[in-house]
1. Looking at the structure I just gave you, is residue 297 under 29 Å from residue 167 (Cβ atoms), touching an Asp or Glu at 6+ places or on another chain (Cβ under 8 Å) and free of Cβ contacts under 8 Å to residues at least 40 places away in the same chain?
2. Among the residues of region 14-50, write down those that are touching a helix residue (DSSP H, G or I) at 6+ places or on another chain (Cβ under 6 Å) and small (Gly, Ala, Ser).
3. Return the residues of region 62-73 that are surrounded by 18 or more Cβ atoms within 10 Å (Cβ to Cβ) and not small (Gly, Ala, Ser); say none if nothing qualifies.
4. On the given criteria, is residue 220 touching a helix residue (DSSP H, G or I) at 6+ places or on another chain (Cβ under 8 Å) and either modelled with pLDDT of 95 or more or not assigned by TED's automatic domain parsing to the domain that holds residue 185 (or both)?
5. Name the residue, out of 122, 105, that is over 21 Å from residue 68 (Cα atoms) and either among the aromatic types (Phe, Trp, Tyr) or touching a residue at least 60 places away in the same chain (Cβ under 8 Å) (or both).
6. For residues that are within 14 Å of residue 17 (Cα to Cα) and under 22 Å from the mean Cα position of the chain (by Cα), tally how many sit in region 57-82.
7. Of the residues in region 44-61, how many are surrounded by 15 or more Cβ atoms within 10 Å (Cβ to Cβ), touching a strand residue (DSSP E or B) at 6+ places or on another chain (Cβ under 8 Å) and over 22 Å from residue 32 (Cα atoms)?
8. Is there a residue in region 294-311 that is under 24 Å from residue 157 (Cα atoms) and of a type in the set (S, T, N, Q)?
Amino acid sequence: MKQNEDFQYNVALVGASTLKGKEVKSLLAERGFPVGRLALLDTEDVRGQLTEFDEEPAVLQPVTKDSFENMAFAIFASSPSFTEQHWQMAEESGCEVIDLSYFLETNPRARLRAPLVEGLWEEGGGPIESHLAVSAHPAAMAIAGILGMLSRRFSVERAVITVFEPVSERGKAGLEELHRQTANLFVFQEIPKDTFDSQVAFNLLSSYGENSRPTLREVQERIGNHVRGLLRRRAVQPALRLLQAPIFFGHAFCCFLELADPVPPEEVEEVLNQKPFRVSRDRDDQPNVVGVAGSNEIELGAVERDAACEAGYWVWGAMDNVRLAALNAVEIAEERVFAAAGRSEPRP
């Protein structure tokens, strides 16, 4: 991995103007990542837009054949199609490629990564054998973290999970469409459906219109595949349902967990209360998508025993989807830096 004489690393951030790209840029500065030079790359239509990094002005640039020269990392926070166009150029230039777009998730050389939660069930990180990393879906990280932690302490017989999808998972287009749909409905005007091909505002969907891609079922399958790939048979595979909610930011999820034997709910809470998870036992202060905005934590509510199943428990949770996705990608890069420096401990 390329580093300069000051032990700093040049980073190419592809899709720097996207929601995830902006969050990655902020986290690199907040966490003191040893950036030598940061190249903010994006599509031609945003060329020249002025932004900032670490309180210094920066300009968005289009991708060229020289964009990845002398770069240690290429973080793709772009659309899958834009990643498809440029990731090989980054790899050929010797970059560590980190994919937030999921385009590389079916590439046999890419490794699905979630350092944000992997330490909850793995002892040590093990060798890093691939220079292509796919950052796991944030909902999959939350689900895998919960099941991974519980399975180390209890025998989990069954898990049924419903995830509520925010429109920000579709980027700025999703945010704009929900905003415009909401405004237009108030004044009885026709609503735009370019992104979801359905009414999302004031609604709850189990599927999109036929012209929307990716479909909700495809995203649901991605989350399930990522959970399976992260846990690698360490825990039961959950029954999963993904619903589109009329919310801008933040995944919310509801889990039913059945153990082999009943235990006090407080014991389940104790197991789950490990970073990046935080259990709120205050019944008057339960997690919600507004409250988790900007948080690095996955917040869980008080665990409740099911009224009809003595060994069944309900867990409610919420997290900032964009923040957690970006944080995981930055932690993948940090892990590489620590490995190059001969360290194994990530910063808190």
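The values are calculated or read from the model by the stated rules, or taken from the named source; none is laboratory data. As the structure is a prediction and not an experimental result, all values here were calculated from the model. With ideal geometry, Cβ positions are generated from the backbone for all residues, glycine too; neighbour counts draw on all protein chains shown.
1. Details: under 29 Å from residue 167 (Cβ atoms): yes; touching an Asp or Glu at 6+ places or on another chain (Cβ under 8 Å): no; free of Cβ contacts under 8 Å to residues at least 40 places away in the same chain: yes.
When the stated conditions are applied, residue 297 does not pass them.
2. Passing the criteria: 15, 17.
3. Keep residues of region 62-73 that are surrounded by 18 or more Cβ atoms within 10 Å (Cβ to Cβ), which gives 63, 67-68, 71-73.
Answer for region 62-73, where residues must be surrounded by 18 or more Cβ atoms within 10 Å (Cβ to Cβ) and not small (Gly, Ala, Ser): 63, 68, 71, 73.
4. Taking the combined requirement at face value, the residue does not satisfy it.
5. Working: 122 fails: either among the aromatic types (Phe, Trp, Tyr) or touching a residue at least 60 places away in the same chain (Cβ under 8 Å) (or both).
Selected residue: 105, the only one of 122, 105 that is over 21 Å from residue 68 (Cα atoms) and either among the aromatic types (Phe, Trp, Tyr) or touching a residue at least 60 places away in the same chain (Cβ under 8 Å) (or both).
6. Taking region 57-82 first, the residues within 14 Å of residue 17 (Cα to Cα) are 58-63, 75-79, 82.
Then drop every residue that is not under 22 Å from the mean Cα position of the chain (by Cα), which leaves 75-79, 82.
Result for region 57-82: 6.
7. Adding up the residues that qualify gives 1.
8. Taking region 294-311 and keeping what is under 24 Å from residue 157 (Cα atoms), we get 298-311.
Next, only the ones that are of a type in the set (S, T, N, Q) stay: none.
No, every residue in region 294-311 fails to be under 24 Å from residue 157 (Cα atoms) and of a type in the set (S, T, N, Q).
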